[in-house]
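> Pasting a structure below so you can have a look.
The values are calculated or read from the model by the stated rules, or taken from the named source; none is laboratory data. A quick note: this is a predicted structure, and the numbers were derived from the prediction, not measured. Every residue, glycine among them, receives a Cβ derived from its backbone with ideal geometry; neighbour counts consider all protein chains shown.
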Amino acid sequence: MSTQEIRNPITYVRQSRRRKMIEVDSNVPHSHASRVQGQRTEILTHTASQIGTNVQQEGSMPQVIDVEAYDDDVTLSSPREFAEAKNNSRRSRRRTVLIDLESGNQNMKMAPPLPQPPPVEPTFTCPVCMGPYVEEMSTKCGHIFCKKCIRASIAVRGKCPTCRGKISMKNTIRVYLPATK
C-alpha cells in the first residue's frame, strides 16, 4: 500500500461531536501558515513538488504528502573528522560587536560606583529575656539562651523554654557567637 492512497476515510465514534481537522505545516512562519476568513480556511502547504502553493479547503480531505519523496542526507564521519568540523564551525561563527557612537566618551567620564558598605551583622537576642545574649549557652536540643535565663528556667521547670524538652545544667554547653555591635 502506498502512502498516497487512503482506503477508508476517517470515521468518528461520536458523530455529534465531530471536530474540524486543520493540517498546518510547522515549517512555515505563523503569520503565513493559516488565515481564517469567515467560514473558509486557507492553508499553505509545502511538498517536494509544490512549494508555496495555496490550497483552499472547505471540508474536503487534506492533501496526502508522499513521505518517500523527501531525501535525507546522511554523512558518516570518524570522531576525528567530527571534532575538526566542530572546531571549524566555532571559528567561522561571526561575533557581533555593538558600538554606541552617540554616547561617545561619556561612559569614560563617569566615576566608578562607590563600594557598598559591608552588611550589618545580625543582632542575636535571648528568647527568654528579649535582650542581647550574656554568656550564651546552648541546650542539647540546640536552642541558645543567656546563662542566667537557662539556669532560671531549669530551676523552675527542668525543661527547655522553646521546645519543652527535659534538660539539666549538665546538658548545656557554652557557645561563643560572633561579636555584635
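> What residue, of 141, 149, 129, is at pLDDT 90 or above, surrounded by 17 or more Cβ atoms within 10 Å (Cβ to Cβ) and not in a strand (DSSP E or B)?
Answer to the selection: 149.
> When you go through 149, 163 one by one, which is the residue that is touching a residue at least 12 places away in the same chain (Cβ under 8 Å) and within 47 Å of the chain's Cα centre (by Cα)?
163 is the lone residue from the list that is touching a residue at least 12 places away in the same chain (Cβ under 8 Å) and within 47 Å of the chain's Cα centre (by Cα).
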